Amino acid sequence: MNKIINEIKIALEPLKIETPALRQIAVVVKPDAIHNSLAYFRQKGFTQLSIVTCIDWIKESELELVYIVLSWTEGIYIQLRARIDREKPVMVTATDIFPGARYYEREVHEFFGVDFLGNEDAAKPLFLELWDDIPPLRKDFDPQAYSDSKFPMRERGNEFVSEFGGNK
Amino acid sequence: MVLDKKDDRNVWEKIGDYFSANSIWMKWYCTGCGAIEMPPTMTSRFDMERLGMGPMATPRQADVLLITGYLSTKTLRRVIYSYEQMNSPRFIVAFGSCTINGGIYYDSYATIGRLDKYLPVDLYISGCMPRPETIMNGFSGLIEMIKKGEAKGWKHYQENYEWYKKNQLDSLGKIIIEDEFHE
């Protein structure tokens, strides 16, 4: 574990490195260094990309991308984190290193609006069809207002009574 | 819009309903979490077969469409496809509180609120989710409704087709499915 942390410090020069839990390492890098870091981890035996996900830090106006890679020989998870601009979120694709990232990047694009350069599928809809609003997992999206405008609810009262034989 | 339950069948429809009520094929389309209550209902413990009901693979051969829980807009498009493929008489049984008024997904951006705006529901089974006993009770209620001629949702859908279509289009935007599996 310590050996790996020291190696990462020398090779990647991360902004921050810590161990949030047992057998987990969190590495914070600059957004330009994401692609190099993923290639480095892949070459070091972290062959599984478990997830690519995103966190919306609305006060700092930043989106934080999180890549989690796993090594089956060491049994260690590494969270690779980088913060990108919230207004124009752009990231280089990881599909040339981990082909499975294709669908994770589609998901992040759909729910957070991050553009992935080099992934042609990223802009295709994955879960939501015909979406017509800002990406729904951003903090400034109001699901209640969207739901009220699209999906009418049942008015309580008259109908409820009439099913039990009351007056309509 | 409330379904009326007046019996206005002619004698041949009465005979047909008498026989179809004793042999109901259900299209088991798993839309939500309630689908997990169906295996015990179908298999030996509760044994739906003793009501004369059985599962069927395709909508064109089925009589009952089960909406087992919450419906996302994406699923609702497929459900409308399935419902319009079914032969009449066709019935919809809706499970749980999600189909009545959204349930715990009342403020979700992806799931609809009330189902009977989009499709005619003949019977609601209450619960979140309904236990197999409740489902069996609901199905025997559906059989009684068919025999008495009260399950007229499919006629209502034909008569008020524009109203249903308008609601569907208002919420979904477009019903034709154009995902990468239909290209």
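A short reminder: the numbers here are calculations on the coordinates, not readings from a lab. What you see is a predicted model, and the numbers here were worked out from it, not measured in a lab. So basically every Cβ, Gly included, is an ideal-geometry build from the backbone, and we count neighbours across all protein chains shown.
Taking the Cα centre as origin and putting +1 on Lys and Arg beta-carbons and -1 on Asp and Glu beta-carbons, what dipole magnitude results for the protein assembly as shown, to the nearest 20 debye?
Once rounded to the nearest 20, the dipole reads 660 debye.
If all Cα-Cα distances of the protein assembly as shown are sorted into 20 Å bins from 0 onward, what percent lands in each bin, rounded to whole numbers?
All Cα pairs, binned at 20 Å, distribute as 25, 42, 26, 7, 0 percent.
Restricting the calculation to Cα positions, tell me the Rg (one decimal) and the Dmax (whole number) of chain A in Å.
21.5, 78
Among B:Y157, A:Y67, A:Y103, B:Y29, rank each residue by its count of other Cβ atoms within 10 Å, from fewest to most, as a rough exposure measure.
A:Y103, B:Y29, B:Y157, A:Y67
Could you give the alpha-carbon Rg of chain B over 2.2 N^0.38 Å, rounded to two decimals? Show your work: numbers first, answer last.
On the way: Rg = 16.0 Å, N = 183, 2.2 N^0.38 = 15.9 Å.
Normalised Rg, Cα atoms only: 1.00.
Can you give the FRET efficiency for A:W57 and B:I176, using 1/(1 + (r/R0)^6), R0 = 30 Å, r = Cβ-Cβ distance, to the nearest 0.05? It would help to have the intermediate numbers written out before the result.
On the way: r = 39 Å, r/R0 = 1.29.
Plugging the Cβ-Cβ distance into 1/(1 + (r/R0)^6) gives 0.20.
Can you work out the Karplus-derived ³J(HN,Hα) for every residue in the stretch B:34-51? Use 6.51 cos²θ - 1.76 cosθ + 1.60 with θ = phi - 60°, whole Hz, and x for glycine or proline.
With coefficients 6.51, -1.76 and 1.60, one gets x, 4, 6, 7, 6, x, x, 5, 7, 9, 4, 5, 9, 6, 4, 4, 6, 8 Hz.
Which percentage, to the nearest 5, of the DSSP beta bridges contained in the stretch B:62-182 is antiparallel?
Percentage antiparallel, nearest 5: 10.
Roughly how many Å is it from the Cα centre of the stretch B:31-51 to that of the stretch A:48-121, as a whole number?
41
How many Cβ atoms of partner chains, on average, are near each residue of A:131-142 if near means within 10 Å of its Cβ? Working shown, then result.
Values: counts 4, 1, 1, 0, 0, 3, 1, 0, 0, 0, 1, 2.
The per-residue average across the peptide is 1.
Order these by the 10 Å Cβ neighbour count, fewest first: A:K3, B:K174, B:K27. Don't jump to the answer; show the numbers that get you there.
Working: A:K3 8, B:K174 11, B:K27 21.
Ranking A:K3, B:K174, B:K27 by Cβ neighbours within 10 Å, fewest first, gives A:K3, B:K174, B:K27.
Counting alpha carbon pairs within less than 8 Å and at least 6 residues apart, what relative contact order, in whole percent, applies to the stretch B:25-172?
23
If you take all C-alpha pairs in the stretch B:83-183, what percent of them are over 17 Å apart?
Cα-Cα pairs in the stretch B:83-183 separated by more than 17 Å: 61 percent.
For the pair A:D121/B:K166, report the inter-label distance in nm, with labels modelled 7 Å from Cα in the Cβ direction.
That separation, rounded to one decimal, is 4.1 nm.
Is there a quick way to get the dipole size of the stretch A:2-127? I mean about its Cα centre, with the Cβ of Lys and Arg at +1 and of Asp and Glu at -1; what is the value in debye to the nearest 20?
420
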